[in-house]
Amino acid sequence: MLELKQVTIIGTGLLGASLALALRERGFGGRIVGVGRREKTLEEARGLGCFDGLTTSTAEALEEARGLPGGERHLAVLAAPLGHFKEIFGKVAVCDDPGLIITDVGSTKASVCALADELLPDATRFVGSHPMAGSEQQGPTAADAKLFEGKPCVVTPTGKTNDQAIQLVEALWEAVGMNVIEMEPNKHDRCVALVSHLPHAVASMLVKVVTEDGGDALAVASTGFASTTRIAAGDPALWVDIFQTNKDAVIDSVDKMMDELTRFKKVMARGDSGALKRLLDGAKQERDDWGTRRGEQG
């Protein structure tokens, strides 16, 4: 499968634990070691049965990988919240060696790539990546070995990135069933601001609008409201990090959304049912086309 002696996953929450489960289920024969900040999380991760070792020490995990016989390369995957990346890069830098390839699962890429350039002794062995998979649920108890299957994963090498590192990181995500797309870091951030960060902001603000209406609307809310606002149940601290590290692109996407809502409002105010139908038809057609391309049924 992957010619690696160890995969060290720094962060054993939903994504980190799901990656460990997926690798083990798909036959990865090397060691999988998890690094966590809290003993409680490590205990929950231990119950999954997919980690060969669990520790609170990044140095311990990476030193262990360096001492393993057989194979020259090992991989570290940063799966912690973005707000911890600076600290983690510093710890990884102290334990760096020529056989270590580093990637991440962060939701923004330009800031992460900049941190890697600043803090790692050899940033050519860092490859940014963003698996477009997740859930509003949190922690290792929500882990799912099939979380990544059939989903896109954006890999964001720069002009300095080592080709072998790119190949290895892309092979990692393909090994757990993902469709890999290469993209420049700033372009990635603009794209995910539209398809991930803006939807979260809109879902959260929709909840605010409804609850501030006095609560009567919630009494009649059902599946449509639940589906539309599901992602607003995600970890707020994690989303603060995401919004702040992609501020400009998120603000630009909010401006675009406000332009469309203003357009919708003007059509409504005119009472122009034909224009309103064309707006809705266009959105439905574009959504249907996208659903067909990604293999949705019905």
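The values are calculated or read from the model by the stated rules, or taken from the named source; none is laboratory data. As the structure is a computational prediction, the values presented were derived from the model and not from experiment. Every residue, glycine among them, receives a Cβ derived from its backbone with ideal geometry; neighbour counts consider all protein chains shown.
Those helices (runs of 4 or more DSSP H) of the stretch 16-112 in which at least 1 residues are more than 19 Å from SER129 (Cα to Cα) and in contact with a Phe, Trp or Tyr (Cβ under 9 Å, 6 or more places away or on another chain), considering only elements entirely within it, cover 39-46.
Would you check which residues across the stretch 50-69 are of a type outside the set (Lys, Arg) and either out of contact with any helix residue (DSSP H, G or I) (no Cβ under 8 Å at 6 or more places or on another chain) or free of Cβ contacts under 8 Å to residues at least 12 places away in the same chain (or both) and list them? Selection gives ASP52, SER57, GLU60, ALA61, GLU63, GLU64, ALA65, GLY67, LEU68, PRO69.
On the stretch given as the stretch 172-221, residues that are more than 15 Å from the chain's Cα centre (by Cα) and basic (Lys, Arg) total 2. For the stretch 231-282, a residue qualifies if it is in contact (Cβ under 8 Å) with a residue 40 or more places away in the chain and more than 17 Å from the chain's Cα centre (by Cα), and the qualifying residues are ASP252, SER253, VAL254, LYS256, MET257.
Taking the residues in the stretch 195-221 that are buried (at least 16 other Cβ atoms within 10 Å of the Cβ) and either in contact (Cβ under 8 Å) with a residue 60 or more places away in the chain or polar (S, T, N, Q) (or both) as candidates, determine which candidate is farthest from LYS247 (Cα to Cα). Filtering first and then ranking leaves SER204. Consider the stretch 93-114 and keep the residues that are out of contact with any strand residue (DSSP E or B) (no Cβ under 9 Å at 6 or more places or on another chain) and of a type in the set (A, V, I, L, M). The one that is surrounded by the fewest Cβ atoms within 10 Å (Cβ to Cβ) is VAL94.
With (1) loosely packed, with under 12 Cβ neighbours inside 10 Å; (2) in a helix (DSSP H, G or I); (3) not charged (D, E, K, R) as the list, and GLY295 as the residue in question, which single condition is left unmet? That leaves (2) as the condition not met. Name the single residue, out of those in the stretch 70-89 being without any contact (Cβ under 8 Å) to a residue 40 or more places away in the chain and surrounded by 20 or more Cβ atoms within 10 Å (Cβ to Cβ), that is farthest from GLN167 (Cα to Cα). Of everything passing the filter in the stretch 70-89, PHE85 is farthest from GLN167 (Cα to Cα).
Filtered by the rule that a residue be more than 18 Å from LEU19 (Cβ to Cβ) and part of a loop (DSSP other than H, G, I, E, B), the stretch 155-185 gives PRO157, THR158, GLY159, LYS160, THR161, ASN162, MET183, GLU184. Checked against (1) closer than 20 Å to PHE148 by Cβ; (2) surrounded by 19 or more Cβ atoms within 10 Å (Cβ to Cβ), THR41 meets all criteria but (1). The residue that is modelled with the lowest pLDDT, among those in the stretch 31-83 that are under 22 Å from LEU120 (Cβ atoms) and charged (D, E, K, R), is GLU72.
In the condition set (1) in contact with a helix residue (DSSP H, G or I) (Cβ under 7 Å, 6 or more places away or on another chain); (2) among the β-branched types (Val, Ile, Thr); (3) over 30 Å from ASN179 (Cβ atoms), THR229 is compliant with all but (3).
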